[in-house]
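A short write-up of the structure that comes next.
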Amino acid sequence: MQEYYDKMTAQARPHAGRFTLNATDGAARAGVLDTAHGSIETPIFMPVGTVGSVKALAPDDLHALGAQIILGNTYHLYLRPNDKLIARRGGLHTFSAWDKPILTDSGGFQVFSLSSLRKISEQGVEFRSHLDGSKHVFTPENVVEIQRNLNSDIMMVLDECVPYGADYAYTEKSLELTTRWALRARQAYPQGCAHNLLFAITQGGFFKDLRARSIAALVDHDFDGFAIGGLSVGESKAEMMTHLYHATPLLPAAKARYLMGVGTPLDIINGICAGIDMFDCVLPTRNARNGTLYTSLGKINIKRKEYAEDDGPLDPQCQCYTCRTFSRAYLRHLYTSKELLAFRLNSLHNLTYFLSLVREARESIMQGRFHALKRHIESLYPEEAAAGGAIG
RNA sequence: GGAGGGGUUCCCGAGUGGCCAAAGGGAACAGACUGUAAAUCUGUCGUCGUGAGACUUCGGAGGUUCAAAUCCUCCCCCCUCCA
């Protein structure tokens with residue numbers, strides 16, 4: 001493996017880990033994060049490709065969309081096909097033919113979402129595979145090792161994503177464990193994987209003092225970026241926003257900030273408003289496969305009968321391949337007929353929407369007019385805004 | 001001509017005296033989805049009514065019964081095999 005690590009290190013571009021701020025507008029930031037496979041311009045939305053594939057799309061599609069970085073998942077790729085198999089093929093970039101940056105989630109979320117299958121201890125988490133029931137152990141150290149084997153550009157530390165409704169005592173105990181795990185992960189690889197950036201994950205549930213404590217305990221350690229975890233796990237929109245706006249300013253300004261698993265277009269705008277740089281979410285791709293599409297006029301469900309004879313484009317203001325080429329009537333027909341093309345065209349469109357949104361946000365920050373964009377997005381999702389998604 | 005099987009709510013298909021406006025699929029219609037065990041899940045799905053409930057349905061027409069999709073009679077139609 002050392003030979004593999006050396007080779008990956010040699011191939012890495014210089015300055016990996018450097019984060020440069022280009023502009024700010026209020027708390028909103030526009031920056032650039034350098035990684036081993038190139039730079040990403042923030043704020044950024046990262047399409048989710050859990051098992052080494054953004055569902056329904058090929059790398060060519062992602063390039064056409066202007067995707068700068070995608071996600072992979074440690075838990076899923078470790079179980080299948082296995083990180084060592086991927087390392088033998090030259091890492092996840094080579095294996096999946098994606099040459100731009102990749103961020104891998106640690107499996108902390110699976111510890112949460114597959115909770116019936118696991119047992120948490122100081123050492124790490126013992127869990128059963130959802131695929132075949134076999135028993136495995138994740139520790140802060142081996143999760144980093146797995147991500148190095150994948151040659152992830154941005155590795156996430158193992159954390160516990162605390163379920164919504166957890167009480168103060170549990171949240172506190174969990175946060176302390178997550179903190180100890182993060183420090184162990186960092187200490188295990190102090191210099192050994194400099195080009196595989198390592199982000200810490202802050203937790204703290206829905207208690208402001210615990211959020212602050214989690215951040216304070218991590219900021220002084222040498223992480224390449226900081227994530228806010230444990231939001232959007234079932235809480236109300238208002239609660240989520242309260243903690244988003246409370247926690248983000250506590251993160252160090254000089255490092256990239258990542259809001260994990262979020263969110264809707266309005267959530268993302270709020271995150272940017274609060275000072276977040278990076279987002280990922282399954283919403284655009286999953287909703288694409290389930291028929292919900294995001295447009296410049298709001299959300300639409302392409303399955304609806306009203307589109308059966310609608311010859312207009314999905315979104316007249318969108319320049320994506322889907323909108324340039326096909327009618328709503330055809331897209332509805334594809335979906336209704338269960339044609340696989342529906343997944344690809346819908347995913348292309350929704351990701352175009354999310355990527356355009358963050359690109360516009362970046363431009364508006366550079367030009368000092370971010371607030372106007374925020375107001376506009378709020379007007380597109382009035383119900384969500386009314387539910388508490390219009391703070392700031 | 002002979003022997004047998006069958007016609008159920010948009011479709012397929014359970015149901016053979018009351019617990020049946022009728023299982024289960026499908027279709028249709030609507031909704032959900034936030035670090036992806038998701039091409040998944042949920043709801044509605046005879047008519048009227050917010051509701052309790054009322055009314056009309058199981059090929060057709062009669063009949064038996066307190067009660068019929070279910071039992072009886074006749075009729076119509078479909079399928080298989082034999083001639």
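The values are calculated or read from the model by the stated rules, or taken from the named source; none is laboratory data. Since the structure is predicted, the reported quantities are computational estimates derived from the model, not experimental observations. Counting neighbours? That spans all protein chains shown, and the Cβs are built from the backbone with ideal geometry, glycine included.
Points to keep in mind about this one:
- Picking from residues in the stretch A:93-116 that are touching a Ser or Thr at 6+ places or on another chain (Cβ under 7 Å) and touching a residue at least 60 places away in the same chain (Cβ under 8 Å), the one that is farthest from A:Gly133 (Cα to Cα) is A:Pro101.
- From the list A:Ile268, A:Ile300, the one residue that fits, being within 12 Å of RNA strand B (Cβ to nearest atom) and without any contact (Cβ under 8 Å) to a residue 24 or more places away in the chain, is A:Ile300.
- When the stretch A:185-211 is filtered for residues that are surrounded by fewer than 20 Cβ atoms within 10 Å (Cβ to Cβ) and more than 22 Å from the chain's Cα centre (by Cα), the ones remaining, listed by number, are A:Gln187, A:Ala188, A:Tyr189, A:Pro190, A:Gln191, A:Gly192, A:Phe207, A:Lys208, A:Asp209.
- Evaluating A:Thr139 against the criteria (1) closer than 30 Å to A:Ala97 by Cβ; (2) away from RNA strand B (no atom under 12 Å from the Cβ); (3) of a type in the set (Val, Ile, Thr) leaves one unmet condition, (1).
- Total residues in the stretch A:153-165, condition modelled with pLDDT of 95 or more and over 16 Å from A:Gln110 (Cβ atoms): 2
- Qualifying residue in the stretch A:228-237 (condition: more than 10 Å from RNA strand B (Cβ to nearest atom) and surrounded by 24 or more Cβ atoms within 10 Å (Cβ to Cβ)): no
- Within the stretch A:32-47, being more than 15 Å from A:Asp99 (Cα to Cα) and surrounded by fewer than 23 Cβ atoms within 10 Å (Cβ to Cβ) holds for A:Val32, A:Glu41.
- Evaluation of A:Asp220 against (1) surrounded by fewer than 23 Cβ atoms within 10 Å (Cβ to Cβ); (2) away from RNA strand B (no atom under 11 Å from the Cβ); (3) within 20 Å of the chain's Cα centre (by Cα) (one fails), failing number: (3)
- Residues that are surrounded by 17 or more Cβ atoms within 10 Å (Cβ to Cβ) and out of contact with any strand residue (DSSP E or B) (no Cβ under 6 Å at 6 or more places or on another chain) within the stretch A:360-390 comprise A:Ala361, A:Ser364, A:Leu373, A:Lys374, A:Ile377, A:Glu378, A:Tyr381, A:Glu384, A:Ala385, A:Gly389, A:Ala390, listed in sequence order.
- Filter result for A:Phe127 (buried (at least 22 other Cβ atoms within 10 Å of the Cβ) and more than 25 Å from A:Ala256 (Cβ to Cβ)): yes
Per-residue answers, yes or no, for (1) touching a strand residue (DSSP E or B) at 6+ places or on another chain (Cβ under 7 Å); (2) closer than 17 Å to A:Asn73 by Cβ:
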{"residue": "A:Val144", "(1), (2)": "yes, yes"}
{"residue": "A:Arg148", "(1), (2)": "no, yes"}
{"residue": "A:Asn151", "(1), (2)": "no, yes"}
{"residue": "A:Tyr164", "(1), (2)": "no, no"}
{"residue": "A:Tyr170", "(1), (2)": "no, no"}
{"residue": "A:Lys173", "(1), (2)": "no, no"}
{"residue": "A:Thr179", "(1), (2)": "no, no"}
{"residue": "A:Leu183", "(1), (2)": "no, no"}
{"residue": "A:Ala188", "(1), (2)": "no, no"}
